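Note sheet for the following structure.
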Amino acid sequence: MEAIEARTREVSPLGELHVGVYTLDTGAFTSLTSRVGGSSTGRDLALGRTGADAVKWKVMRIMAAVVCAGLFWAVPADAETVRFRWPLDPRPAVTRAFDAPSPNWQRGHRGVDLAAGAHQPVYAAGPGTVVFAGELAGRPVVSIAHPGGLRTTYEPVRAHVRVGRTVAAGQSIGTLDEGHSGCPVAACLHWGAMWGPASRADYVDPLGLLAAVRLKPLQTGLQSAR
């Protein structure tokens, strides 16, 4: 079985060609460097991304688009299609959009903020298992692990579920607290999504999950932006 991969390349201001490969099933990022001439793009330079950082950023953008849009080719007939839904009802307004950090430890917005009312019910965006329900850095958080290595997080949410509980898409998992930083309305839900183990997870835009997503391994690899 081949891994799903995305590839891209970036030339640093020092003339180094960085070729990056991101592998979805392992969450691994690798890069190769060789000497050529050229420069990074203006956008990457403005954001402080050069060389390996710039190429990793571009690879992760490719993978986020592929994963979130569900644009997987050659999926086995028995592959499971999981449909995600909004974690609030009715459909909320987005008060702050996703802004991927690059690298992951840099500043960014690792999710989206959704307008809501205080104490409004919050629902699981997709089927999975609760892996965290409690306080994190002084904020109440719920985290759900979904098939295929995807996790979604919800904060500030007072949990009605315990760790280990299996939940269905649309099942109530808690109620929304007030006080999310930067919220322009009565209350905001911060909804996040990431792939891979927590120690090296890659953040993706959770709004992209609202399309159908194939979550089982593929028979053939997908290579993009060669």
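Could you check how many residues of the stretch 131-177 are of a type in the set (Asp, Glu), more than 19 Å from Phe98 (Cβ to Cβ) and touching a residue at least 24 places away in the same chain (Cβ under 8 Å)?
Residues in the stretch 131-177 being of a type in the set (Asp, Glu), more than 19 Å from Phe98 (Cβ to Cβ) and touching a residue at least 24 places away in the same chain (Cβ under 8 Å): 1 in total.
I need the full set of residues from the stretch 181-193 which are surrounded by fewer than 22 Cβ atoms within 10 Å (Cβ to Cβ) and either touching a residue at least 24 places away in the same chain (Cβ under 8 Å) or among the charged types (D, E, K, R) (or both), in order please. Working first, answer last.
To start, the set of residues in the stretch 181-193 that are surrounded by fewer than 22 Cβ atoms within 10 Å (Cβ to Cβ) comprises 181-187, 192.
Once the filter is applied, which keeps residues that are surrounded by fewer than 22 Cβ atoms within 10 Å (Cβ to Cβ) and either touching a residue at least 24 places away in the same chain (Cβ under 8 Å) or among the charged types (D, E, K, R) (or both), the stretch 181-193 yields Gly182, Cys183, Pro184, Val185, Ala186, Ala187, Gly192.
Mind checking which residues of the stretch 83-100 are at pLDDT below 90 and farther than 19 Å from Gly128 by Cα? Full working, then the answer.
First, the residues of the stretch 83-100 that are at pLDDT below 90: 83, 96-100.
The answer is Arg96, Ala97, Phe98, Asp99, Ala100.
Out of curiosity, is Leu88 surrounded by 17 or more Cβ atoms within 10 Å (Cβ to Cβ), in a loop (DSSP other than H, G, I, E, B), assigned by TED's automatic domain parsing to the domain that holds Ala187 and touching a Leu at 6+ places or on another chain (Cβ under 8 Å)? I'd like the intermediate steps shown before the answer.
Working: surrounded by 17 or more Cβ atoms within 10 Å (Cβ to Cβ): yes; in a loop (DSSP other than H, G, I, E, B): yes; assigned by TED's automatic domain parsing to the domain that holds Ala187: yes; touching a Leu at 6+ places or on another chain (Cβ under 8 Å): yes.
For Leu88, the condition - surrounded by 17 or more Cβ atoms within 10 Å (Cβ to Cβ), in a loop (DSSP other than H, G, I, E, B), assigned by TED's automatic domain parsing to the domain that holds Ala187 and touching a Leu at 6+ places or on another chain (Cβ under 8 Å) - is met.
Which of the following residues is of a type outside the set (Ser, Thr, Tyr), surrounded by 19 or more Cβ atoms within 10 Å (Cβ to Cβ) and over 17 Å from the mean Cα position of the chain (by Cα): Ile173, Ile144?
Details: Ile144 fails: over 17 Å from the mean Cα position of the chain (by Cα).
Of the residues listed, the single one that is of a type outside the set (Ser, Thr, Tyr), surrounded by 19 or more Cβ atoms within 10 Å (Cβ to Cβ) and over 17 Å from the mean Cα position of the chain (by Cα) is Ile173.
Against the condition closer than 21 Å to Pro90 by Cβ, small (Gly, Ala, Ser) and not in a strand (DSSP E or B), how does Gly179 come out, does it pass?
Numbers: closer than 21 Å to Pro90 by Cβ: no; small (Gly, Ala, Ser): yes; not in a strand (DSSP E or B): yes.
Judged against the criteria, Gly179 is not a match.
The values are calculated or read from the model by the stated rules, or taken from the named source; none is laboratory data. Keep in mind it's a predicted model, so treat the numbers as computed, not measured. So basically every Cβ, Gly included, is an ideal-geometry build from the backbone, and we count neighbours across all protein chains shown.
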